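Down below is the structure, laid out as C-alpha cells.
The values are calculated or read from the model by the stated rules, or taken from the named source; none is laboratory data. Everything numeric in this text was worked out from a predicted model, so none of it was measured. Here the Cβ is made from the backbone with ideal geometry for all residues, glycine too, and neighbour counts use every protein chain on show. Surface areas here come from the heavy atoms of the whole protein model, side chains and all, with no ligands, DNA or RNA. Shrake-Rupley method; radii C 1.70, N 1.55, O 1.52, S 1.80 Å.
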Amino acid sequence: EYSCEYGSLKFYALCGVGGVLSCGLTHTGVVPLDLVKCRMQVDPQKYKSIFNGFSVTIKEDGVRGLAKGWAPTFIGYSMQGLCKFGFYEVFKILYGNMLGEENAYLWRTSLYLAASASAEFFADIALAPMEAAKVRIQTQPGYANTLRQALPKMFAEEGIWAFYKGVAPLWMRQIPYTMMKFACFERTVEALYKYVVPKPRSECTKGEQLVVTFVAGYIAGVFCAIVSHPADSVVSVLNKEKGSSASQVLMRLGFKGVWKGLFARIIMIGTLTALQWFIYDSVKVYFRLPRPPPPEMPESLKKKLGLTE
C-alpha cells in the first residue's frame, strides 16, 4: 500500500516536498501578522498593539503594504521547510539506529530533540539570507519594497556578511523552537492516542488521524512560541540596526522588552505549527508514505522488565 520504503531516498525526498509546502505556504499566509509583529518589536512607540499596528500600516502603505516581504518569506521558509522536515526524518532514523531498538524507545524524547536540533542547524543556514532581506523590507521604511531591490543593495553595503550575520541569533531562536515543535508534537500525538482518542490509531480513518495531527500541532505551537520569543525579538532588532551585537540588543531590551508582541506570536505560531503538521501529514497521506504509529515498548524490553507473561 506504500509508494516507497521507510527511510529510502524517495521517502526523504517526498518528506522534503512536504516540508517545502508546509513551511512555505503557512509562513507566506501570515505575512501581514508577521509584519506587524516585527514592527512592534523594533518600534514599540509607533506600533503600540496588534490592532494599532495594522491600522498604522494600512494608513501609511495601504492594504498592499501588509504583504511587504512576501517573496523572501516564501522562498526562505520553503528552503527551511525542505531541510527542517527532510533532515529531521534522516536524523531520527540515523540516531534511532545508532541507539538500537530498546534505547531508541527509552530515550525517545532525547532522540526527537537531537534529531530536530540537527535538522534545524542546516535549515537556518538555508533560511538566513531571505530572513535578513525580509526584515529589512518590513522594518526599514524606504529601504526596499521588493526582494529584487533588497538583495543587491544589501550585498553592496555589507557583502555576503549581510545575509549571514543573523544566523547565530536565528539558531538561538529556531533551534529551541524546533526542538520543542518536534518533541512536543511527537509526545502529544502519543498521549492523545493513549488517553484521549477512544480507539487505536490503526482503526482511525485518515481524516481522524489528521485531526489528531492538527490538535497536537497546535499544542506544540503554543510552547514553541513561548520558548523562542525572546530570541525572536533580538533577531528583529538586530537585522534593523547595523553594527549592534546580539548581547548588546538583549541588554538594551531588558526582560520586559523581549516579551513584547508575545500574544501575537502565540496566535501566529500556534496556528502556523498546527497547519504545518497538518499539511506535512496530508502530503505523506497523499503520496502514500509510510507513517509509523506512535512508538510502543519493544517485546525484548517488556521481557527484561517482566511485563510479559
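With respect to the conditions (1) open to solvent by 40 Å² or more (accessible area, probe 1.4 Å); (2) in contact with a helix residue (DSSP H, G or I) (Cβ under 8 Å, 6 or more places away or on another chain), Pro294 lacks only one, and its number is (1). Is there a residue in the range 238-253 that is in a helix (DSSP H, G or I) and modelled with pLDDT of 90 or more? No, the conditions are met nowhere in the range 238-253. Leu94: touching a residue at least 60 places away in the same chain (Cβ under 8 Å) and open to solvent by 70 Å² or more (accessible area, probe 1.4 Å), yes or no? In short, no.
With respect to being farther than 21 Å from Ser22 by Cα and among the basic types (Lys, Arg), Lys284 falls outside the description.
Give the residue that is surrounded by the most Cβ atoms within 10 Å (Cβ to Cβ), with candidates limited to residues of the range 218-239 that are free of Cβ contacts under 8 Å to residues at least 40 places away in the same chain and either closer than 30 Å to Phe163 by Cα or of a type in the set (Phe, Trp, Tyr) (or both). My answer is His229.
Can you go through Val249, Val258 and tell me which one is in contact with a helix residue (DSSP H, G or I) (Cβ under 9 Å, 6 or more places away or on another chain) and free of Cβ contacts under 8 Å to residues at least 24 places away in the same chain? Just a single option satisfies the conditions, and that option is Val249. Tell me, yes or no, whether the range 215-237 has at least one residue that is in a helix (DSSP H, G or I), within 15 Å of the chain's Cα centre (by Cα) and among the aromatic types (Phe, Trp, Tyr). Yes. Could you check, for the range 135-146, whether at least one of its residues is of a type in the set (A, V, I, L, M, F, W, C), buried (at least 17 other Cβ atoms within 10 Å of the Cβ) and modelled with pLDDT of 90 or more? Taking every residue of the range 135-146 in turn, none turns out to be of a type in the set (A, V, I, L, M, F, W, C), buried (at least 17 other Cβ atoms within 10 Å of the Cβ) and modelled with pLDDT of 90 or more. Filtering the range 149-168 to residues that are in a helix (DSSP H, G or I) and small (Gly, Ala, Ser) leaves Ala150, Ala156, Ala162, Ala168. Of the residues making up the range 249-299, those that are among the charged types (D, E, K, R) and at negative phi are Arg252, Lys256, Lys260, Arg265, Asp281, Lys284, Arg291, Glu296, Glu299.
For the range 169-200, the set of residues classified as surrounded by fewer than 16 Cβ atoms within 10 Å (Cβ to Cβ) and either among the polar types (S, T, N, Q) or not in a loop (DSSP other than H, G, I, E, B) (or both) consists of Ala191, Lys194, Tyr195, Val196, listed by residue number. In the range 291-308, is there at least one residue being closer than 14 Å to Gln41 by Cα and touching a residue at least 40 places away in the same chain (Cβ under 8 Å)? Within the range 291-308 (the criterion being closer than 14 Å to Gln41 by Cα and touching a residue at least 40 places away in the same chain (Cβ under 8 Å)), the answer is no, since none of the residues qualifies. Each residue in the range 23-54 was checked for being in contact (Cβ under 8 Å) with a residue 60 or more places away in the chain, polar (S, T, N, Q) and more than 19 Å from Ala67 (Cα to Cα), and 0 of them qualify.
So, of the residues in the range 201-217 that are of a type in the set (S, T, N, Q) and under 15 Å from Trp277 (Cβ atoms), which turns out to be surrounded by the most Cβ atoms within 10 Å (Cβ to Cβ)? Checked the range 201-217; the qualifying residue surrounded by the most Cβ atoms within 10 Å (Cβ to Cβ) is Thr213.
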